[in-house]
Amino acid sequence: MDFKQLYYFAQICNYRSLTKTAKNLYVTQQALSKNLKSLESELQVSLFARMHDGVSLTAEGEYLRSRAEKILSDFKAFETDVYDYFHVKRGLVSFAITNGALHSLSPEILLDFQGGYPNIRLWYQSYPDQLAEQRVLEGKVEFACMERPQDLTHLAITTVKEEKIVISARGDHALVNKPKVRIADLRDQQIITHSKDTYLYHIIVNSCRQAGFEPQIIFNSSDVSLLKKLLLRGRGIFVTAEHTLSDITLYPEIRATPVEDPNLRWHVCFVYPRSKKLGCVARLFMNYILTAYGRASLDT
């Protein structure tokens, strides 16, 4: 039994006619019949029952078809992977990205990739953290670029970059003038931060609780510009990730300092299903980003 015999057999299953199969495979009906008889002789069974308008599968034929379909499907996937590995030039990358990850990495890196691979199209949409994770789990996108999820039961991650958690306030606030700030220093402080649908919010809340207190979050929002307005008016301490304050030099009245805790970090990760292999084009894109940030590439 060889691959050609299985392939011809599967095509006869599809068309249920030797004449139609031969026509679509561009082979003679005699050659197709000879191939089928050789297969039946080797297995010592009849795979099809001949009828006046074509053929129908026998019980043995149904069994072979169920096994052959998986073999042929696996071979097709293998063939595609091998071709893509050596000839990745075009395709589609479908992914979700959170606002935090997009701001942290910068849209320019996406434009740079598209400039280098003009025939690979990036299809992405911005979601809140939890919704981006849901899109991956539902198979709506191949992967997400987002903050590290807490539950990795069904997900795998590859870290692109990590940032410190930073507090910022007006320069006359005692906390930003301390030589070192720890999470415990946020006790009894009025905090403004990101919305509850971000993992950053939960990182901050959980870190405070682990330090033995409930944070006094007086305002949270997904609108970073609004949070910065409150910060400029001295309405609280802004707790965030480093990238959010990349323009801090524009506001001389504001000071920022990192929270000195090696375990308190905000991560930008690629998040993808454990149970599904990433496509070659997706891995190419992800490795491009990983290389740009000095990270090890994914196995190809």
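Over what distance in Å are the Cα centres of the range 166-192 and the range 264-280 separated?
About 33 Å separates the Cα centre of the range 166-192 from the one of the range 264-280.
If you stretched the chain out fully between Arg182 and Ala59, how much longer would it get, using 0.36 nm times the residue separation minus the C-alpha to C-alpha distance? Each step should come with its number before you reach the end.
Working: separation 123, 0.36 × 123 = 44.28 nm, distance 7.14 nm.
Gain in length upon complete extension: 37.1 nm.
Can you give the FRET efficiency for Asn263 and Ser222, using 1/(1 + (r/R0)^6), R0 = 35 Å, r = Cβ-Cβ distance, to the nearest 0.05? Walk me through the intermediate numbers first.
On the way: r = 26 Å, r/R0 = 0.74.
So, using R0 = 35 Å, E works out to roughly 0.85.
Taking the Cα centre of the chain as origin, sum charge times position over the Cβ atoms of Lys and Arg (+1) and Asp and Glu (-1), and report the length of that vector in debye to the nearest 20. Don't skip to the end; give the middle numbers.
Values: 37 positive and 33 negative charges, 82 e Å.
Here the size comes out at about 400 debye.
Pairs of Cα atoms under 8 Å, at least six residues apart: use those to get the relative contact order of the range 161-266, whole percent.
Numbers: 178 pairs, mean separation 51.1, N = 106.
Once divided by the residue count of the range 161-266, the mean separation gives 48 percent.
Once you sort the root eigenvalues of the Cα gyration tensor of the range 161-266 as a ≥ b ≥ c, which label holds: rounded (a/c under 1.5), prolate (a/b larger than b/c) or oblate (the other case)? Working shown, then result.
Values: a/c = 1.31, a/b = 1.19, b/c = 1.10.
Verdict is rounded for the range 161-266.
Using a 10 Å cut-off on Cβ atoms, rank the peptides 110-118, 2-10 from the highest mean neighbour count down.
Details: 110-118: 13.3, 2-10: 15.9.
Ranking, from highest mean packing down: 2-10, 110-118.
Using a 10 Å cut-off around each Cβ, can you sort His267, His194 from fewest to most neighbouring Cβ atoms?
Numbers: His267 19, His194 27.
Fewest-to-most Cβ neighbours within 10 Å comes out as His267, His194.
Quick one: order Ile12, Ile217, Ile183 by neighbouring beta-carbon count within 10 Å, fewest to most. Could you put the intermediate results ahead of the total?
Details: Ile12 26, Ile217 19, Ile183 23.
Sorted ascending by nearby Cβ count, the order is Ile217, Ile183, Ile12.
Of Lys161/Lys276; Lys180/Lys229; Lys20/Lys140, which pairs sit farther than 27 Å apart, going by alpha carbon to alpha carbon?
On the way: Lys161/Lys276 24 Å; Lys180/Lys229 25 Å; Lys20/Lys140 37 Å.
Over 27 Å apart, Cα to Cα: Lys20/Lys140.
Give, in nm to one decimal, the length gained when the segment between Ser126 and Ala174 is fully stretched (0.36 nm per residue of separation minus the Cα-Cα distance). Before the final figure, lay out the partial values.
On the way: separation 48, 0.36 × 48 = 17.28 nm, distance 3.71 nm.
Extra length available between Ser126 and Ala174 comes to 13.6 nm.
At q = 0.16, 0.25, 0.26 Å⁻¹, work out log10 I(q)/I(0) for the range 3-87 with the Debye formula, treating every Cα as an identical point scatterer and leaving solvent out; two decimals please.
-0.64, -1.26, -1.33
What number comes out for the charge environment of Leu245, summing +1 per Lys or Arg and -1 per Asp or Glu over other residues with Cβ under 12 Å away? Don't skip to the answer; put the middle values down first.
Values: positive: Lys164, Lys228, Arg255; negative: Glu163, Glu242, Asp247.
Residues close to Leu245 contribute a combined charge of 0.
Net charge around Arg170, counting only other residues with Cβ within less than 10 Å of its Cβ (Lys, Arg = +1; Asp, Glu = -1)? Show your work: numbers first, answer last.
On the way: positive: Arg233, Arg235, Arg255; negative: Asp172, Glu253.
Net of charged neighbours comes to +1.
Taking K and R as +1 and D and E as -1, what net charge do the other residues with C-beta under 12 Å from the C-beta of Arg148 add up to?
On the way: positive: Lys161, Arg265; negative: Asp129, Glu133, Glu147, Asp151, Glu162, Glu163.
Spelling it out: positives minus negatives among the neighbours equals -4.
Mind checking which of Leu250, Thr291, Leu231 is farthest towards the positive end of the range 229-300's charge dipole, using Cβ charges of +1 (Lys, Arg) and -1 (Asp, Glu) about the Cα centre?
Thr291
Find the relative contact order for the chain and round it to a whole percent, using C-alpha pairs within less than 8 Å whose residues are 6+ positions apart. Show your work: numbers first, answer last.
Working: 446 pairs, mean separation 61.4, N = 300.
RCO, the chain: 20 percent.
Which one of Val82, Leu6, Ser33 has its Cα pushed farthest toward the positive end of the charge dipole of the range 3-87, where Lys and Arg give +1 and Asp and Glu give -1 at the Cβ?
Looking along the dipole axis, the top candidate is Ser33.
Extending each Cα 7 Å along its Cβ direction at Val45 and Tyr7, get the distance between those two points in nm, one decimal.
With each label point 7 Å from Cα toward Cβ, the separation is 2.3 nm.
By counting other Cβ atoms within 10 Å of each Cβ, how are Tyr127, Tyr272 ranked from fewest to most? Write down the numbers at each step before the final one.
Details: Tyr127 19, Tyr272 23.
With the sparsest Cβ surroundings first, the list reads Tyr127, Tyr272.
Okay, helix-only estimate at 222 nm for the chain: each DSSP H run of n ≥ 4 adds -39500 (n - 2.57), divide by all residues, round to 500 deg cm²/dmol; what do you get? Write out the running numbers ahead of the final one.
Details: 10 runs with 124 residues, N = 300.
Result for the chain, helices only: -13000 deg cm²/dmol.
From the list (1) 34; (2) 53; (3) 27, can you say which value of percent of Cα pairs over 30 Å apart was derived from the structure given?
Matching the structure shown: (2).
What nm distance separates the two modelled labels at Asp151 and Asp74, each placed 7 Å from Cα along Cα→Cβ?
3.2
Could the peptides 52-65, 162-175 be put in order, highest first, of the mean number of other beta-carbon atoms found within 10 Å of their residues?
Numbers: 52-65: 14.4, 162-175: 17.4.
Highest-to-lowest ranking by the protection proxy: 162-175, 52-65.
Tell me the GluC sites (Glu not before Pro) within the range 233-274 that lie in a loop according to DSSP and have at most 11 other beta-carbon atoms within 10 Å.
Details: sites: Glu242, Glu253, Glu260; in loops: Glu253, Glu260.
For GluC sites (Glu not before Pro) across the range 233-274 that sit outside H, G, I, E and B with at most 11 neighbouring Cβ atoms in 10 Å, the list reads Glu253.
Values quoted throughout were computed directly from the atomic coordinates according to the rules given, and no laboratory measurement underlies them. Here the structure is a predicted model, which means the values were calculated and not measured. We place every Cβ from the backbone using ideal geometry, glycine too, and count neighbours over all the protein chains shown.
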